[in-house]
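> The structure's right below; bear with me while I get my questions together.
The values are calculated or read from the model by the stated rules, or taken from the named source; none is laboratory data. Bear in mind that the values here come from a model prediction, so they are computed numbers and not experimental data. Because the Cβ atoms are built from the backbone with ideal geometry, glycine has one as well, and the counts that use them run over all protein chains shown. Surface areas here come from the heavy atoms of the whole protein model, side chains and all, with no ligands, DNA or RNA. Shrake-Rupley method; radii C 1.70, N 1.55, O 1.52, S 1.80 Å.
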Amino acid sequence: MMTGLATHPWAYPLLEILHLVGIALVLGNLILIEVRVFGAGAVLDAEALARLSLGLVAVGFGLVLLSGLLMFATQPQELLASRSFAVKMALMSLALCNAAWFHARGGLRLLDVTARLQMVLSTLLWLAVLAAGRWIAYE
C-alpha cells in the first residue's frame, strides 16, 4: 500500500490536499474561538460556540493525523532525519499541551488574561507548525 502511495501520481497530492483541509479546519476554528475569547461576538455563548468549533477542530485534526501518518509512511527515513519535521512534531506537541491546559483550567469559562495568552500562543504555535511543515520540502 505504501508503495502505491509513493508511486501513484495522484495519491500523494490527494493526501496533501486532505492535510491542508484538516489544517484549515483546525486553524480556522481555533481562530474563531480566539476571537470570541478576546470579546468579539460577546452575544454568543463561548462554551456553545466552542462545542461547535471544537467538533470541527477534531474532524480537522483527524484528517491531519490520518493524512500525515500516510504521508510519513511513504518516506519515514527521510522525515525522521529532517530537522524541520522534528521541529514540527515538537511544536505540535506544545500546541496540544497548551490546548489541554486551556481546557483543563476552564479557559472558556474564565475568559481571563491567561486564557487570552493561551489562545494567542495556540495560534502562534499552529502557524509555526505550518511553517515547519512547509520547510520540510526545502531541506
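> Please state which of the following conditions L108 fails to meet, knowing it meets all the rest: (1) within 15 Å of N29 (Cβ to Cβ); (2) over 15 Å from the mean Cα position of the chain (by Cα); (3) without any contact (Cβ under 8 Å) to a residue 12 or more places away in the chain; (4) part of a helix (DSSP H, G or I).
With (1) within 15 Å of N29 (Cβ to Cβ); (2) over 15 Å from the mean Cα position of the chain (by Cα); (3) without any contact (Cβ under 8 Å) to a residue 12 or more places away in the chain; (4) part of a helix (DSSP H, G or I) applied to L108, the lone miss is (3).
> Find the helices (runs of 4 or more DSSP H) located wholly in the range 27-105 whose residues include 2 or more that are open to solvent by 70 Å² or more (accessible area, probe 1.4 Å), farther than 16 Å from G133 by Cα and modelled with pLDDT under 95, and list them.
Because the criterion is at least 2 residues that are open to solvent by 70 Å² or more (accessible area, probe 1.4 Å), farther than 16 Å from G133 by Cα and modelled with pLDDT under 95, the helices (runs of 4 or more DSSP H) in the range 27-105 that meet it are 46-74.
> Restricting attention to the range 55-103, which residues are more than 15 Å from I136 (Cβ to Cβ) and among the hydroxyl-bearing types (S, T, Y)?
Of everything in the range 55-103, just one residue is more than 15 Å from I136 (Cβ to Cβ) and among the hydroxyl-bearing types (S, T, Y), namely S93.
> Next up: Restricting to the range 106-139, what's the tally of residues that are small (G, A, S), surrounded by fewer than 17 Cβ atoms within 10 Å (Cβ to Cβ) and closer than 23 Å to Y12 by Cβ?
2
> Looking at (1) farther than 28 Å from L18 by Cβ; (2) at pLDDT below 95; (3) β-branched (V, I, T), which one does T114 not meet, given that it meets all the others?
Unmet condition: (2).
> Also, I was wondering about something else. Could you tell me which numbered condition R116 fails, if it satisfies all but one of (1) within 20 Å of L32 (Cβ to Cβ); (2) in contact with a Gly (Cβ under 8 Å, 6 or more places away or on another chain)?
Among (1) within 20 Å of L32 (Cβ to Cβ); (2) in contact with a Gly (Cβ under 8 Å, 6 or more places away or on another chain), the lone unmet condition for R116 is (2).
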